[in-house]
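Working notes for the structure below.
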Amino acid sequence: MSRFRFPVGRLPDEALLSGLATGDPELAVSFVRRFQHRVYGVAIAVTGDPQLAEDIAQQTFERAWHHAQIYDSRRGSVTTWLTTIAHNLAIDAVRARRPEPVAPEDLDAVLDAVSDTPEQHALADEASARLRAAVAELPPAQGRALVMAGIYGMTAQQIADREGIPLGTAKTRIRAAMGKLRTTLESDRRGDHEQ
């Protein structure tokens, strides 16, 4: 029987995180149960490898336990904090496994290859084919910035350094690319592209 006045499962996320920080086993188990599917989902989405995703989920909860004291609710929810940890660990794991990263100057060829080959269109569903086509329609600099940020997990600062541009320009390219993609995909969903 729980030693708490009401079910632990109904405690707010912050209270469970505080319990995790204190080492309370009941609160720690409840914390993991509440977030395990979300954390694993982030890890599997980034890595595509179930075993690696399980390892990343474990590392995420270990890191949350070690750093629970520094969590600041003003900077985001517990869910956002935890999924950010999982995402960053997954990106690091993917980077560590990748034998040879694609150079940013080669991304134009990669974008062309993914968006123009009949094999890719035949294998992918309609939504992913449209996404690739929308990315290919972006100006090359914006497309590179978007791919470096979204697929390779690079920060705006890393993109600025690789492209030799100011940080603000890198952020603007990413933001503009995301806006154009959103507009294109939303108009496709509404059927605006049909004549």
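Values quoted throughout were computed directly from the atomic coordinates according to the rules given, and no laboratory measurement underlies them. Because the structure is predicted, anything quoted here is derived from the model rather than measured. FYI the Cβ positions are ideal-geometry reconstructions off the backbone, even for glycines, and counts take in every protein chain you see.
Report note on the peptides 144-153, 131-140, 64-73: ranked by the mean count of other C-beta atoms within 10 Å, highest first, their order is 144-153, 131-140, 64-73. Length available on full extension from Thr172 to Asp55: 0.36 nm per residue minus the Cα-Cα distance, which gives 38.6 nm. Taking 7 Å steps out from each Cα toward its Cβ at Ala15 and His37 produces label points 2.2 nm apart. Each principal axis of the Cα atoms in region 6-69 has its own extent, and those three values, largest first, are 38, 22, 15 angstrom.
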